[in-house]
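Enquirer: So that we are looking at the same thing, I have put the structure below in structure tokens.
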Amino acid sequence: MKKMNLAYPVATPDSSVPLMGFTGPFETNLDFIRQAGYTGVELLVRDADELDASRLEIALSKRGLTAVSFGTSPMLAQDKLDLLSENDEIRAETFRRTVRMVDLASRFHAPVGIGKLRGNLQEGTGRTAERRDEIFRKLCEHCEKTGGSLVMEPQKYDNVNNLNTIDESLEWLKEMNSKRLKLLVDTFHMDLTEKDQFDSIRRANGQIGFVHLSDSDRKAPGCGRIDFGAVLKAFSDICYGGFFSMEIKQSPNSEEAAETSIKNLTRLSGQI
């Protein structure tokens, strides 16, 4: 397998809650990520309007790092935002912040990842698949204007109750019919939702915009029961050339989790 493009998540200065990535001093975290051997960062953003885009550009450029995706997890974790909220103000604020995130991410030619932020469906309320799809269509229309893009993450059933499997999500992509929308596939979720995640990766060929690597129980790749040799082989088979980001528990700390991940993946990729 050719050299992997590896990224690590890091919270931007506007975020202050524990996440599955580096939190705290931003530039110090970037220094460690680069020294560990990563060339990309997945920026975890709470509020794009609170960030200085020029500062981000300078900090990344100085270290030879690329912003490869913008994650929305802090919006949910810190501010309890939800694209399908029954509260009109919360729903509107979530949409507004997501649009502003697209604006920021497009400056870096990176996608915005939407996972649990899409919200749960619920009968008898405004939490409908129709409303969800209308929101995504509006976001895709905005992406067309700005040159931005979105990646939607299929997640396990107890995280969010819609768009859980790869096949369901591929059908949804056909319905949405936007070149600005692809999938963010996550090995931890696929291990729990797919009969064979390796075949699922191959079926999603051409529709994968970003990848989260995580072993079982959110361990670093190669530290659980998922066959990462087979995972990497599946991505190699479809000639996926994008970045892989580590969405894992920061155990025992972010530094050791980052080092373990890159060490294991470098070894495994050399066997493909």
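Enquirer: Using a simple charge model, +1 on the beta-carbon of Lys and Arg, -1 on the beta-carbon of Asp and Glu, nothing else, what dipole does the chain show about its Cα centre, in debye to the nearest 20?
Expert: Charge dipole of the chain: 760 debye, to the nearest 20.
Enquirer: Arrange the peptides 201-209, 150-158 so that the one whose residues have, on average, the most other Cβ atoms within 10 Å appears first.
Expert: Per-residue mean Cβ counts within 10 Å order the peptides as 150-158, 201-209.
Enquirer: I've got another one for you. Tell me, what does the Kirkwood hydrodynamic radius of segment 149-195 come to in angstroms if you use every pair of distinct C-alpha atoms?
Expert: Result for segment 149-195 stands at 10.8 Å.
Enquirer: Among 222-235, 116-129, what's the highest-first ranking by average C-beta atoms within 10 angstrom per residue?
Expert: My ranking of the peptides, most packed first, is 222-235, 116-129.
Enquirer: Could I ask something else about it? Can you work out the Karplus-derived ³J(HN,Hα) for every residue in segment 224-231? Use 6.51 cos²θ - 1.76 cosθ + 1.60 with θ = phi - 60°, whole Hz, and x for glycine or proline.
Expert: x, 9, 6, 7, 6, x, 5, 4
Enquirer: Further question: Quick one: Karplus J couplings for segment 246-257, per residue in order, coefficients 6.51, -1.76, 1.60, θ = phi - 60°, nearest Hz, x for Gly and Pro?
Expert: Ordered by residue, 3J(HN,Hα) equals 8, 9, 9, 5, 8, 10, x, 7, 5, 4, 5, 5 Hz.
Enquirer: Can you list the lysines whose alpha carbon is less than 23 Å from that of residue 116, not counting same-chain residues fewer than 8 positions off?
Expert: Excluding near neighbours in sequence, the set is 80, 138, 156, 174, 179, 182, 195, 219, 249.
Enquirer: Hey, another quick one. With both bridge residues required to lie in segment 5-269, what share of the DSSP beta bridges run antiparallel, to the nearest 5%?
Expert: Details: 0 of 29 bridges.
Counting only bridges with both partners in segment 5-269, antiparallel ones make up about 0 percent.
Enquirer: Would you mind calculating the relative contact order of segment 77-236 from Cα pairs under 8 angstrom and at least 6 residues apart, reporting the percent as a whole number?
Expert: Rounded, it is 17 percent for segment 77-236.
Enquirer: Convex hull over the alpha-carbon atoms of the chain: what's its volume per residue in Å³?
Expert: 116
Enquirer: Still on this structure, please answer the following. Return the ratio Rg/(2.2 N^0.38 Å) for segment 146-272, where Rg is computed over Cα atoms only.
Expert: Scaled against compact globular proteins, the figure is 1.05.
Enquirer: Would you please calculate the Kirkwood hydrodynamic radius of segment 7-113 over all C-alpha pairs and express it in Å, rounded to one decimal?
Expert: 13.9 Å is the Kirkwood radius here.
None of the figures in this text is laboratory data; all of them are computed from the coordinates on show. The shown structure was predicted, so the numbers you read here are calculated from the model rather than taken from an experiment. Positions of Cβ are backbone-derived with ideal geometry, glycine not excepted, and every protein chain shown enters the neighbour counts.
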